[in-house]
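Working notes for the structure below.
The values are calculated or read from the model by the stated rules, or taken from the named source; none is laboratory data. Predicted model, so just to flag it, every value in this text is computed and none were measured. Ideal geometry is used to build each Cβ from the backbone, glycine not excepted, and the neighbour counts take in all protein chains shown. Just so you know, the surface numbers come from the protein's heavy atoms only, side chains and all, with ligands and any DNA or RNA stripped out. Shrake-Rupley method; radii C 1.70, N 1.55, O 1.52, S 1.80 Å.
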Amino acid sequence: MNGPSARALREGGIGGSIPYKVGVTLYVKPKDSGPIPKDWLKKTTFQAPFGDFGQILRIDVSETQRCAYVEYEDPRDAQDAAKDLDGKKISGKEVSVVLASQATNRRPGSTSTPVGPPGRAVDIEQRVAELALKHHLDEAAGARLASVFQDRSRLGCDLVRDFQDLDEHLTASNKPSALVSMKLSELRSGRPIGRVLLSDDFVRYEEPPSSPAAGSGAAAVRQKHAEEAGPKAEASSMAEVKAEAEKLEPEAARTLGSTERVDLAQIPDPWAEVSDAKALEIIKEDTLEVIEVQGEASAAAHLAAKDAELQSFQPSSSQREFLVSADLSENQLATVASLQPLWLRYLSLAMNPLESFEGLCSFPRLLVLDVSFIELTSIEGAWQAIADLPRLARLVAEGCSICSLEVELPAKLQALEVSDNAIEELSELDALASRCKSLLELDLRENEVVLQPGYAKKINKLFPSLTWLDNQSRKKYVAKGAAATYAPDALREKDVAAVDGMFKNESCSCLEGNACLDAATCKDWPNREKVAAAARKRKGLRDDSGSGWVSHF
């Protein structure tokens with residue numbers, strides 16, 4: 001619903017043009033040209049009437065433009081829907097449904113037609129193909145860009161400026177395809193992309209002593225900026241960078257650290273007496289001492305080093321002794337070997353430009369690993385390195401361009417989150433079941449496979465012990481009998497439904513997510529808070545702590 005299907009992603013290309021077609025879009029608006037009903041802001045309002053005609057790639061609703069866009073994978077499905085639904089009512093409003101290319105009050109959204117104001121028209125398909133070829137984007141990234149720039153054309157963005165700025169960002173990135181995945185929501189919002197900001201620290205990390213190639217990376221972007229600014233500005237900028245680098249040299253040396261590996265056997269494990277289940281519970285509750293890169297720990301601690309511009313990490317003696325959890329996401333780590341061995345139970349490497357997973361075995365007691373938005377399929381040995389973690393219980397790999405589950409995975413893995421990838425065939429579930437027999441949680445949202453007929457039946461057959469699927473609890477609360485719930489006096493004094501122990505015309509609010517206030521109507525009064533919490537999770541609501549990920553082991 002939020003992007004092209006996995007089939008389209010796999011059949012895409014990066015040659016002179018992109019074979020993946022964004023689809024055929026319908027333009028839906030009220031016939032009276034009035035404001036749209038509030039129900040139209042819910043995509044499910046359109047899913048019901050339009051979904052009967054074929055596979056929908058995306059539904060967009062614009063309250064300001066007073067219209068909606070429904071994009072089909074097959075042009076014939078779009079034509080059938082336009083013919084049958086034009087003039088029908090949706091949420092009480094008679095609607096006009098036409099092909100978007102035939103709409104008279106919108107700018108064309110077809111990627112085969114230049115869009116934009118006179119003098120600044122852009123052929124989206126051609127420009128995306130040029131970017132894909134220049135920056136070696138994978139098929140999924142190219143397809144997503146083609147889709148997202150159609151959205152930006154509808155929002156009235158300056159596509160000429162957008163493509164120039166995006167080209168600059170991709171040039172500066174070590175992993176351009178991963179950058180596309182990370183920036184999708186921002187691109188769809190219509191906000192200006194903006195130029196690359198090269199801070200002094202970024203210059204220090206991106207330019208090693210040996211002169212880098214002038215045609216790629218941050219050096220190319222910096223050269224382009226210098227040419228635009230003129231020789232005086234370039235000389236001034238370089239002088240400032242040199243002075244700042246000299247001033248920060250001691251700190252840089254400490255951050256980059258020594259290449260000498262530490263013998264983990266010589267360091268006591270701070271959680272040697274803590275069971276894996278208890279460790280997961282503590283990490284989930286977020287009660288650990290939190291320190292930053294330069295901080296010192298005095299007890300079991302979590303390292304908060306997100307977006308710290310690290311190329312490597314050399315822990316201090318206290319950090320080496322007490323760190324059990326680390327967030328190193330959004331840094332400049334090129335290899336896991338740039339990290340020193342630690343007794344970590346949780347590690348996030350998300351959004352790093354990793355090129356090698358060598359050294360992951362330096363964390364032998366890792367329980368939770370997050371590698372989201374890293375191109376795992378392009379890194380040799382990545383899956384084997386993950387599979388070799390003997391105690392890994394949860395793997396998070398969102399947006400990693402995964403199209404197959406026939407990969408190496410830890411035998412004891414209990415939770416796998418692979419949302420927003422390109423997994424399509426039901427046969428992939430067989431491959432997963434053969435590798436992870438003890439799986440308790442599985443998240444496949446934003447994959448084409450969840451839309452395949454027979455998906456739920458296949459899941460039930462292959463994973464009978466699954467307790468969570470696609471962020472929804474599969475546990476069912478079984479009510480106690482009346483005799484087990486109420487005292488004998490209560491049974492004699494009130495009219496009780498014998499099946500589930502409920503009083504007539506009364507209900508247990510715990511099952512709706514709110515703990516009961518009266519023991520007489522509660523099915524399980526001693527455990528009312530737990531029952532209510534389970535109900536909230538079943539509905540997809542966050543727990544009371546607002547935690548972003550919750551362990552259900």
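For the reader, a short list of remarks on this structure follows.
- Loop-located GluC sites (Glu not before Pro) across the range 273-344 with a Cβ neighbour count of 13 or fewer within 10 Å are GLU273, GLU292, GLU296, with loop assigned by DSSP.
- Heavy-atom accessible area ranking, 1.4 Å probe, most first, across HIS169, HIS135: HIS169, HIS135
- Sites ARG195 and ASN527 - FRET efficiency at Förster radius 60 Å, r taken between beta-carbons, to 0.05: 0.60
- Residue-span extension gain [LEU451 to GLU130] - 0.36 nm each, minus C-alpha spacing: 112.3 nm
- Extension gain (nm, one decimal) between GLU292 and ASN174, 0.36 nm per residue minus Cα-Cα: 40.0 nm
- Stretched out straight at 0.36 nm per residue, the stretch from ASP80 to SER427 would grow longer than its current Cα-Cα span by 121.8 nm.
- Nearest-0.05 FRET efficiency for GLU309 and VAL160, computed from C-beta distance (R0 22 Å): 0.10
- Under the simplified labelling scheme, the LYS31-VAL98 pair shows an inter-label distance of 1.4 nm, with each label point 7 Å from Cα along Cα→Cβ.
- Cβ-Cβ distance of GLU63 and LYS88, R₀ of 30 Å, FRET efficiency by 1/(1 + (r/R0)^6): the value works out to about 0.90.
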